[in-house]
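Step one of this worksheet: look at the structure below.
The values are calculated or read from the model by the stated rules, or taken from the named source; none is laboratory data. Because the structure is predicted, anything quoted here is derived from the model rather than measured. So basically every Cβ, Gly included, is an ideal-geometry build from the backbone, and we count neighbours across all protein chains shown.
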Amino acid sequence: MITMENIILEGSPALREPAEEITFPISEDIKTLGQEMLEFLKNSQDAELAEKYQLRAGVGLAASQLNVSKRMIAVHIPSDNDDTSEPLLSTIMINPKIVSHSVQSACLSDGEGCLSVNRDVPGYVPRHSRITVTYFNLNGEKQKIRLKNYSAIVVQHEIDHTNGIMFYDHINKEDPFHLDEDVSILS
Ligand code: NI
């Protein structure tokens, strides 16, 4: 089971390395790791388990953050509506790739955080509002999905990890809350 002890922090070289493509057939080790990554996210969002295992809540995790320099991410985004148990997006992506994106950009009103960053880094993180992503699932089947707004932002944050990019690389250094006119702010 993955806990915070397995997650490496900023300053670790692996977080700055572009990760390797995963080759096929997908090894059992990679499949297990992917499932554990998704399980971690679910556990971290469960109040009791998070308390028990001292987990920081997260919606996305990249293998790079576990010091495994492979192109794999997990995302678990709960529904906006508390009444439904169906998450907005819950998936493991192998070799994810943004194949197209909107011209429009968006950012989160509260900025971004990261399980590998134990401090607040204020500032807007502009990203594409909408993206089309291709990836392989754990069965090695190619998938293609279109994402927008929050889901698109989370997936871009995680894909950045596979390229050695941290969210604060996107923050304007001189003026962290500067935004170009065409960037919308999501609350
Ligand atoms: Ni992160």
Q. Does region 143-151 contain any residue that is within 16 Å of the ligand (Cβ to nearest atom) and within 19 Å of L41 (Cα to Cα)?
A. yes
**Q.** Unmet criterion (only one of (1) more than 16 Å from the ligand (Cβ to nearest atom); (2) surrounded by fewer than 19 Cβ atoms within 10 Å (Cβ to Cβ); (3) of a type in the set (S, T, Y)) for Y168
**A.** (1)
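Among the candidates S151, S90, S187, S85, single out the residue that is within 30 Å of E28 (Cβ to Cβ), small (G, A, S) and modelled with pLDDT under 95.
Values: S151 fails: modelled with pLDDT under 95; S90 fails: modelled with pLDDT under 95; S187 fails: within 30 Å of E28 (Cβ to Cβ).
That would be S85, the only listed residue that is within 30 Å of E28 (Cβ to Cβ), small (G, A, S) and modelled with pLDDT under 95.
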(Q) Which pairs turn up if I take residues in region 143-172 that are on the phi > 0 side of the Ramachandran plot and look for partners that are of a type outside the set (D, E) with beta carbon separation below 6 Å, at least 6 apart in sequence or on another chain? (A) N149/L186; G164/R16; G164/P18
(Q) Would you confirm whether or not region 48-58 contains a residue that is more than 21 Å from M166 (Cα to Cα) and touching a strand residue (DSSP E or B) at 6+ places or on another chain (Cβ under 9 Å)? (A) no
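I'd like the residue in region 119-142 that is closer than 24 Å to T32 by Cβ and not aliphatic (A, V, I, L, M) and, out of all such residues, is nearest to the ligand (Cβ to nearest atom).
Taking region 119-142 and keeping what is closer than 24 Å to T32 by Cβ, we get 133-142.
When the remaining residues are screened for being not aliphatic (A, V, I, L, M), the result is 134-137, 139-142.
Numbers: T134: 21, Y135: 18, F136: 21, N137: 22, N139: 26, G140: 26, E141: 26, K142: 25 Å.
Per the stated criteria, the residue is Y135.
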Q.
Taking the condition of being more than 13 Å from P96 (Cα to Cα) and in a strand (DSSP E or B), how many residues in region 62-77 meet it?
A. 2
Q | Count of region 102-113 residues which are closer than 27 Å to I30 by Cβ and touching a Ser or Thr at 6+ places or on another chain (Cβ under 8 Å) | A | 0
